[in-house]
Amino acid sequence: MTHILITGASGRLGGAAVRSLLTLHPAEEVHALVRTPDAAARLRRIGVDARRADYADPVGLATAFRGIDRLLFVSSPVLDPDERLRQHRAVLTAAASLEHIVYTSVHGADHDPAHAATEATLRERGGATLLRNGFYTEPFVTAAVERSASGWIGSATASRPLATASIADLGEAAARVVVDPPSEALWELRGPAWTYDRLARILSGLLGRPVAHRDVSAADADPLGLLHAAAAAGALAQETDHLRRLLGREPRGIDAVAASVVEDIDGHL
């Protein structure tokens with residue numbers, strides 16, 4: 001028996017990983033870490049053992065990790081890098097005796113002090129896999145769909161490509177890695193690159209009305225303006241085959257993600 005714990009299980013990435021893990025591993029060996037009673041109740045309804053603790057609670061973490069063999073460590077969402085690193089250190093201290101840790105890092109982790117320090121600690125520890133997740137495709141598409149009501153979408157990407165990845169694919173990849181850790185320690189996970197011109201054409205078909213693409217300033221591309229600027233500089237253009245290799249199939253492209261986002265938005269109207 002291999003007992004696996006997923007942290008951040010009520011979030012988008014952690015939730016996707018839980019759903020995938022339940023198709024890959026016995027449910028009685030799947031455990032989830034959450035912060036709230038409501039999140040714990042939702043997971044228990046689908047047969048997952050939910051344990052409550054906060055990244056800033058070392059005692060609670062130590063209790064939650066009892067009986068666990070492997071950890072899927074979803075990185076902290078806090079924005080302050082010092083606080084994020086403190087939280088990560090608390091998790092790694094509590095997980096010191098586990099046989100393997102899978103850590104969801106980020107694109108460009110070398111330039112992020114908290115992620116870089118966490119990765120360095122895990123490399124020194126051994127028994128770890130580092131997944132540098134690309135930026136999620138869904139927020140870009142959701143923002144574009146919302147803007148498209150005016151008949152156009154804007155970007156400050158200088159028409160450069162973005163090699164983002166779907167949350168579902170990243171969650172599935174993490175689940176596969178924690179079930180069967182690969183020999184390689186570092187993976188750069190990207191989906192197929194796309195452009196806003198292509199997204200506009202896709203949305204035109206999905207929404208049944210013309211959607212044009214216009215160049216705008218990074219400020220007007222808010223709340224994703226900083227990422228648009230990075231794309232314009234070519235920082236988000238590089239594809240890899242790492243996600244495809246972990247999934248054993250082609251990752252979802254912009255067409256599939258856009259269709260899913262539009263269907264989800266229509267379902268909530």
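The values are calculated or read from the model by the stated rules, or taken from the named source; none is laboratory data. Since the structure is predicted, the reported quantities are computational estimates derived from the model, not experimental observations. Ideal geometry is used to build each Cβ from the backbone, glycine not excepted, and the neighbour counts take in all protein chains shown. Ligands, DNA and RNA are stripped out before the accessible areas are found, and what is left, the full protein with its side chains, is counted by its heavy atoms. Shrake-Rupley method; radii C 1.70, N 1.55, O 1.52, S 1.80 Å.
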Filtering the stretch 65-88 down to residues that are over 19 Å from VAL48 (Cβ atoms) and outside any loop (DSSP other than H, G, I, E, B), which residue is modelled with the lowest pLDDT?
PRO81
For ALA40, are the conditions met, namely being part of a helix (DSSP H, G or I), surrounded by fewer than 21 Cβ atoms within 10 Å (Cβ to Cβ) and among the aliphatic types (A, V, I, L, M)?
yes
Got at least one residue in the stretch 89-100 being under 17 Å from the mean Cα position of the chain (by Cα) and either surrounded by fewer than 21 Cβ atoms within 10 Å (Cβ to Cβ) or modelled with pLDDT of 95 or more (or both)?
no
When both residues are 6+ apart or on different chains and their Cβ atoms are under 6 Å apart, which pairs have a first residue that lies in the stretch 99-123 and is more than 22 Å from ASP180 (Cα to Cα), and a second that is open to solvent by 50 Å² or more (accessible area, probe 1.4 Å) and outside any strand (DSSP E or B)?
PRO113/PRO81; ALA114/PRO81; ALA116/ASP110
Please list, ordered by first then second residue, the pairs with beta carbon atoms under 7 Å, 6 or more apart or interchain, first in the stretch 212-233 and closer than 16 Å to VAL141 by Cβ, second modelled with pLDDT of 95 or more and polar (S, T, N, Q).
HIS213/SER155; ALA221/SER155; HIS228/SER155; HIS228/THR157; ALA231/THR157
Would you be able to say whether some residue in the stretch 19-30 is assigned to a loop (DSSP other than H, G, I, E, B), over 26 Å from ARG125 (Cα atoms), out of contact with any helix residue (DSSP H, G or I) (no Cβ under 8 Å at 6 or more places or on another chain) and modelled with pLDDT of 95 or more?
yes
Look at the stretch 172-204 and say how many of its residues are surrounded by fewer than 16 Cβ atoms within 10 Å (Cβ to Cβ), in contact (Cβ under 8 Å) with a residue 40 or more places away in the chain and in a helix (DSSP H, G or I).
0
Do we find a residue being within 18 Å of the chain's Cα centre (by Cα), farther than 30 Å from GLU29 by Cα and of a type outside the set (Asp, Glu) anywhere in the stretch 143-152?
yes
I'd like the full set of residues that are open to solvent by 30 Å² or more (accessible area, probe 1.4 Å), under 20 Å from ARG198 (Cβ atoms) and touching a Leu at 6+ places or on another chain (Cβ under 7 Å), limited to the stretch 241-269.
ALA259
Can you tell me how many residues within the stretch 121-171 are assigned to a loop (DSSP other than H, G, I, E, B) and at negative phi?
9
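Restrict the check to the stretch 214-226 and report whether at least one residue is open to solvent by less than 50 Å² (accessible area, probe 1.4 Å) and touching a Phe, Trp or Tyr at 6+ places or on another chain (Cβ under 8 Å).
yes
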Pull up the stretch 106-154, narrow it to residues that are of a type in the set (Asp, Glu) and open to solvent by 10 Å² or more (accessible area, probe 1.4 Å), then point me to the one that is farthest from PRO192 (Cα to Cα).
GLU124
Output yes when any residue across the stretch 3-12 is in a helix (DSSP H, G or I) and either free of Cβ contacts under 8 Å to residues at least 60 places away in the same chain or open to solvent by less than 50 Å² (accessible area, probe 1.4 Å) (or both), and no when none is.
no
